[in-house]
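The values are calculated or read from the model by the stated rules, or taken from the named source; none is laboratory data. All values derive from a computational prediction rather than experimental measurement. For neighbour counting, all protein chains shown are included, and Cβ atoms are generated from backbone atoms with ideal geometry for every residue, glycine included. SASA here: full protein model, heavy atoms, side chains in, ligands and nucleic acids out. Shrake-Rupley method; radii C 1.70, N 1.55, O 1.52, S 1.80 Å.
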Amino acid sequence: MAARPIVEARGIHKHFGSHHVLKGVDLALAERELAFVIGPSGSGKSTLLRCLNRLEEPSSGSVVVDGVDMLDPRTDLNHARQRIGMVFQSFNLYPHMTALGNVTLALRKVAGKTREEADAVGRTALDRVGLADRAGHTPGQLSGGQQQRVAIARAIALEPRVMLFDEPTSSLDPELVGSVLGVMRDLRESGMAMVVVSHEMGFARNAADRVLFMDQGLIVEEGTPSQIFEAPAQERTRSFIGQIQKH
Amino acid sequence: MSAWDRFLEAFFNPVVMSRYLPDILKGTLLTIELAALIIVSGLALGLALALLRSFGFRPLNLLIIFVVDLFRALPPLVIIVFIYFGLPAVGLSPSGFVSTWLSLMFVLMAFSEEIYWAGITSIPKGQWEAARSTGLTYGHALMSVVLPQALRLTIPPLTNRTIAITKGTALASVVAVGEILGMASSAVSNSYNPSPLTMGAVAYLILFLPMVVFGRYLETRMAWKR
Ligand SMILES: Nc1ncnc2c1ncn2[C@@H]1O[C@H](COP(=O)(O)OP(=O)(O)OP(=O)(O)O)[C@@H](O)[C@H]1O
Ligand SMILES: [Mg+2]
């Protein structure tokens with residue numbers, strides 16, 4: 001754990017106009033670590049994730065991923081982004097392509113693989129998420145859970161060093177959540193470093209190394225799952241945990 | 001002679017019709033040529049403008065919007081007359097054919113740019129984000145992810161707009177182009193009989209009715225399955 005962190009974000013501020021959304025967030029993620037982020041709506045969780053791969057431009061601060069300074073203008077951002085997979089709440093699969101097409105697009109266009117090479121890698125990735133037999137299906141022909149697993153395959157096919165999940169199960173019917181969490185658990189067991197924003201407390205309890213509670217643009221408290229869920233030190237954390245456990 | 005006979009005599013006169021059929025056919029070929037040039041160049045320029053606009057370079061976008069609005073606001077005939085009768089004043093004398101082609105090309109460019117643009121902006125932001133998050137460049141995301149989806153959405157409105165503008169080739173008769181209407185009108189003045197107009201109308205129907213039906217067909221089946 002003492003080795004260089006795979007993600008190191010320091011002092012991240014983000015303003016949207018006059019709206020100060022991130023107010024100096026520090027986040028260091030060790031190799032193989034899973035950090036689980038919780039917090040009320042609007043607290044800046046998505047914005048934080050999106051600053052890590054620069055889908056959102058931080059107003060100030062630094063982000064280093066796998067030794068690459070993400071904010072340095074000399075950094076080849078498109079190359080760097082291949083090391084950071086991202087999974088979205090709304091899947092964002094390309095509806096005009098098959099599952100395999102979704103997974104192989106970046107392999108061909110960015111990683112420069114031939115169609116044959118890309119297809120081979122893509123099929124392996126689909127197999128890892130249990131969808132080898134759905135390679136030729138379009139997103140419209142897949143269930144929500146299957147779509148999200150294809151989205152995960154699309155990200156891991158690029159062999160990222162860290163994966164960001166932004167509420168990956170929030171738009172799924174309850175009976176489909178398990179299949180996606182299963183894939184995430186497998187990924188975690190394979191040693192993938194992950195930052196997960198989610199409300200799946202059960203998953204957090206048995207898969208997270210660390211839980212971070214965000215509120216109003218700051219990480220208010222962090223600790224092991226049992227610390228945060230059973231004995232939060234901060235009043236704000238306590239009331240948030242109390243609220244979500246009622247549901 | 002009954003009224004019915006007079007009607008047939010005027011609009012379906014077999015002698016006049018067979019005499020001017022070759023002219024009408026020639027006119028039809030010219031209309032097809034003109035329409036094809038307008039469609040190909042107009043749609044290509046419209047797409048090029050929409051792609052340029054997507055880069056979000058403000059001064060350029062304001063210019064594009066200005067040009068597009070200009071050609072959407074002007075009646076096509078005004079543009080044709082302007083080019084045909086106006087440009088000679090600066091030493092250019094485009095033929096009636098070229099004047100009509102350029103005019104309707106600009107009009108189709110303007111309308112299709114707006115349609116392409118609406119298609120591009122209607123693609124959810126998440127598509128861009130997913131593509132960019134995997135390292136795709138802006139250009140790759142646009143060409144491989146956004147544009148294919150946008151184009152599919154634009155096909156029905158684009159088809160309808162293209163038909164509407166291409167029908168404007170009839171305006172070329174004003175600047176002495178021997179397309180369908182031009183041929184038919186001169187046949188009418190030479191024969192003192194309106195039957196060639198009937199043939200002209202039939203020629204337009206043969207050209208455009210299939211396109212209209214095709215447009216309707218596309219419209220009913222454009223829904224995208226997500
Ligand atoms: N592109 C944007 N422009 C302006 N304001 C934004 C933008 N994106 C986010 N915000 C604002 O920033 C704040 C934090 O948003 P963010 O999406 O990061 O919250 P979140 O913690 O992910 O919330 P949720 O749990 O609802 O997803 C919100 O007030 C939101 O309205
Ligand atoms: Mg969010």
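Data overview
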item: Test result for B:PRO148, open to solvent by 50 Å² or more (accessible area, probe 1.4 Å) and within 13 Å of chain A (Cβ to nearest Cβ); result: no
item: Residues located in segment A:62-85, provided they are at the interface with chain B (Cβ under 8 Å from one of its Cβ atoms) and within 24 Å of A:LEU218 (Cα to Cα); result: A:ILE84, A:GLY85
item: Qualifying residue in segment A:1-20 (condition: open to solvent by less than 10 Å² (accessible area, probe 1.4 Å) and in a loop (DSSP other than H, G, I, E, B)); result: yes
item: All positions within segment A:96-113 that are touching a helix residue (DSSP H, G or I) at 6+ places or on another chain (Cβ under 8 Å), within 10 Å of chain B (Cβ to nearest Cβ) and assigned to a helix (DSSP H, G or I); result: A:ASN102, A:VAL103, A:LEU105, A:ALA106, A:LEU107, A:ARG108, A:LYS109
item: Search result, residues across segment A:21-40 that are more than 16 Å from ligand 2 (Cβ to nearest atom), in contact with an Asp or Glu (Cβ under 9 Å, 6 or more places away or on another chain) and open to solvent by less than 60 Å² (accessible area, probe 1.4 Å); result: A:ALA28, A:LEU29, A:ALA30, A:GLU33, A:LEU34
item: For B:ALA110: the one exception among (1) open to solvent by less than 30 Å² (accessible area, probe 1.4 Å); (2) over 23 Å from the mean Cα position of the chain (by Cα); result: (2)
item: All positions within segment A:41-61 that are within 13 Å of another protein chain (Cβ to nearest Cβ), in a loop (DSSP other than H, G, I, E, B) and within 13 Å of ligand 2 (Cβ to nearest atom); result: A:LEU55, A:GLU56
item: Filtered residues of segment A:1-11 (kept if at pLDDT 95 or above and over 20 Å from A:ARG83 (Cα atoms)); result: A:GLY11
item: Test: residue in segment B:86-97 that is in a helix (DSSP H, G or I), in contact (Cβ under 8 Å) with a residue 40 or more places away in the chain and more than 25 Å from A:ALA155 (Cβ to Cβ); result: yes
item: Unique match (being open to solvent by less than 40 Å² (accessible area, probe 1.4 Å), away from ligand 1 (no atom under 16 Å from the Cβ) and not in a loop (DSSP other than H, G, I, E, B)) among A:GLY178, A:GLY140; result: A:GLY140
item: Residues (surrounded by 23 or more Cβ atoms within 10 Å (Cβ to Cβ) and either touching a strand residue (DSSP E or B) at 6+ places or on another chain (Cβ under 6 Å) or facing another protein chain (nearest Cβ under 7 Å) (or both)) located in segment B:124-134; result: B:ALA130, B:SER133, B:THR134
item: Filtered residues of segment B:92-107 (kept if of a type in the set (Ser, Thr, Tyr) and open to solvent by less than 50 Å² (accessible area, probe 1.4 Å)); result: B:SER99, B:THR100, B:SER103
item: Failed item in (1) more than 13 Å from every other protein chain (Cβ to nearest Cβ); (2) part of a loop (DSSP other than H, G, I, E, B); (3) open to solvent by 50 Å² or more (accessible area, probe 1.4 Å), with A:ALA120 passing the rest; result: (2)
item: Count of residues meeting criterion [among the hydrophobic types (A, V, I, L, M, F, W, C), within 17 Å of B:TYR192 (Cα to Cα) and surrounded by 14 or more Cβ atoms within 10 Å (Cβ to Cβ)] in segment B:13-27; result: 3
item: Positions within segment A:101-131 being at pLDDT below 95 and among the hydrophobic types (A, V, I, L, M, F, W, C), in sequence order; result: A:VAL110, A:ALA111
item: Scope segment A:143-168; condition among the acidic types (Asp, Glu) and part of a helix (DSSP H, G or I); matching residues; result: none
item: Residue tally, condition small (Gly, Ala, Ser) and touching a Phe, Trp or Tyr at 6+ places or on another chain (Cβ under 9 Å), over segment A:146-175; result: 2
item: In segment A:134-152, the residues that are away from chain B (no Cβ under 12 Å) and more than 20 Å from A:MET184 (Cα to Cα); result: A:GLY136
item: Selection within segment A:202-247 - more than 23 Å from A:ARG188 (Cβ to Cβ), open to solvent by 40 Å² or more (accessible area, probe 1.4 Å) and assigned to a helix (DSSP H, G or I); result: A:GLU235, A:ARG236, A:ARG238, A:SER239, A:GLN243, A:GLN245, A:LYS246
item: Selection from segment A:18-47 of residues that are near ligand 1 (Cβ under 8 Å from one of its atoms) and under 17 Å from A:VAL7 (Cα atoms); result: A:LYS45, A:SER46, A:THR47
